[in-house]
Amino acid sequence: MADKIRLGFVGANVNSTWSNQSHFPAILASPDVEMTAVCTTRPESAEEARQRFGAKLAFHDFNTMVASDEIDAVAVVVRVPSHYEPTRAAIEAGKHVLTEWPLGRNTAEAVELADLARSRGVQTAVGLQSRVSPALMYVKELLEQGYVGDMLSCSVNTFRDGRPERHSSNTWQRDASLGANTLTIATGHVIDALRFVAGDFSRVAAMVTTQMQHWYETDTERLVVTNSPDNVRVSGQLKNDAAAAVHVGAVPWAGSGYRMEIYGLGGTLIVTGSVSSQRGEMLRVQGAEGGNVLQDLTIPQRFFYLPDDFPRGDPFNIGQLYTLFAESIRTGESRQPTFDTAVGLHRFIDTIKQASDTGQELPVS
């Protein structure tokens, strides 16, 4: 195997918004992976991507790309409904796979992909990059070391842009069955961050609602109906008996960003950011022990896996994820969120939806 993991990238269109913000700059700056092959749906856009990123190979069929002996691993960064087929093809070709979150449109797809990867012995990673955020890894360590003492309660609020006016190319998410909405994506990331640092839920109640039931398409000048959730409220209890509350909302204007609060008998931890837990901005961590005043805490260098000159912002946590993915390929030991991590979150989101639909508090297995 080469010094760098040779990566084939499915979804390498140079006009892709999220990939341009995060994956492309992360890979180009990575000391651990290289963009060896690119794949889009058309030969012209594939060649454009090959030239833009300096890739060796260009494909417009992911089945052909994953069969190449010149790549070690595949990244699948396309719309959620299209995650399943290229991910499955890569696993069947014996390639290690990193797929964005959500892993599939539903839990059944996620379970199938995780089981297949395990049976084929390939390494996996899923884009739950809150779990590689230096700030959140530090908070997890502080909690494990007893910084707040016995945990009493925790809460997370996240309010992000969810404008009611958008181009028709961005209204496909109005169909909840496609698996890409505030419940699956935004809430998935936010509640996964809470579960990562504070522990799993033991029981949960929820209200999942669609507050804006129409979106306006700016190019077609028509209103379209949406059934995708845009506000998710979760309350429950963690396995450590702490009370927990989460509210994630897509709001039209000036969302206030991310705030996690954790309170215990011995102290308090507060984590804040302008967007969300998984984005690459360096979250602010504040703490207070034993009656002291809340103060900023310095994140230890051991939680940074990237060079000092690595791009900050959205590429950073993605870069952290690629580094751990590459490490797992080399060593066989995984420290990154895997497909099994994704399955656990898919199942928990199903429980949240069921709790909301039935109006009942449910146990969490």
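Bear in mind these aren't lab numbers, they're just calculated from the coordinates by the rules spelled out. Because the structure is predicted, anything quoted here is derived from the model rather than measured. Cβ atoms come from the backbone with ideal geometry, glycine included; neighbour counts cover every protein chain shown.
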**OP:** Eight or more residues apart or on different chains, and alpha-carbon atoms under 22 Å: count the Lys pairs in the chain matching that.
**Re:** 5
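When Rg is the radius of gyration of the Cα atoms in region 219-365 and Rh is its Kirkwood radius, what does Rg/Rh come to?
On the way: Rg = 19.2 Å, Rh = 19.0 Å.
Over the Cα atoms of region 219-365, Rg/Rh equals 1.01.
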**OP:** Under 12 Å from the Cβ of residue 284, count the other residues' Cβ atoms, weight Lys and Arg +1, Asp and Glu -1, and hand me the total.
**Re:** -1
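Run through the DSSP bridge list for the chain and note the antiparallel percent, rounded to the nearest 5.
On the way: 43 of 74 bridges.
Around 60 percent antiparallel, to the nearest 5.
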**OP:** Compare 178, 283, 136 in a GNM of the chain, Cα atoms joined below 10 Å, and give the one with the largest fluctuation.
**Re:** 178
Original post:
Does region 8-145 come out rounded, prolate or oblate, given a ≥ b ≥ c as the square roots of the eigenvalues of its C-alpha gyration tensor, rounded meaning a/c under 1.5 and, failing that, prolate meaning a/b above b/c?
Top reply: oblate
**OP:** With θ set to phi - 60°, apply the Karplus curve 6.51 cos²θ - 1.76 cosθ + 1.60 along region 287-297 and write out the HN-Hα couplings as whole Hz, x wherever there is a Gly or Pro.
**Re:** x, 9, 10, x, x, 6, 6, 4, 9, 5, 10
Subject >> Spin-label zone in region 264-306 - amide nitrogen under 12 Å from a point set 7 Å from the Cα of residue 141 along the C-beta vector >> reply: 298-305
**OP:** Determine, for 365, 153, the number of other Cβ atoms within 10 Å of each Cβ, and report the residues in order from fewest to most.
**Re:** 365, 153
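Per DSSP H run of n ≥ 4, the term is -39500 (n - 2.57); total these for the chain, divide by its residue number, and report the mean residue ellipticity at 222 nm rounded to 500 deg cm²/dmol. Could you put the intermediate results ahead of the total?
Working: 9 runs with 106 residues, N = 365.
Theoretical 222 nm ellipticity from helices: -9000 deg cm²/dmol.
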**OP:** Just grab the label-to-label distance for residue 309 and residue 253, each label 7 Å out from Cα along the Cβ direction, in nm (one decimal).
**Re:** 4.3
Original post:
For region 108-146 and region 49-99, what is the separation of their Cα centres, given in Å?
Top reply: 21
Subject >> Within-13-Å neighbourhood charge of residue 172 [Cβ basis; K, R +1; D, E -1] >> reply: +2
Original post:
What list of ³J(HN,Hα) values in whole Hz, one per residue of region 137-152 in order, does the Karplus curve 6.51 cos²θ - 1.76 cosθ + 1.60 (θ = phi - 60°) give from phi, with Gly and Pro shown as x?
Top reply: 4, 5, 4, 4, 4, 4, 5, 5, 8, x, 4, 9, x, 5, 6, 9
Original post:
residue 107: net charge of surrounding residues, Cβ under 14 Å, Lys/Arg +1, Asp/Glu -1, itself excluded?
Top reply: -2
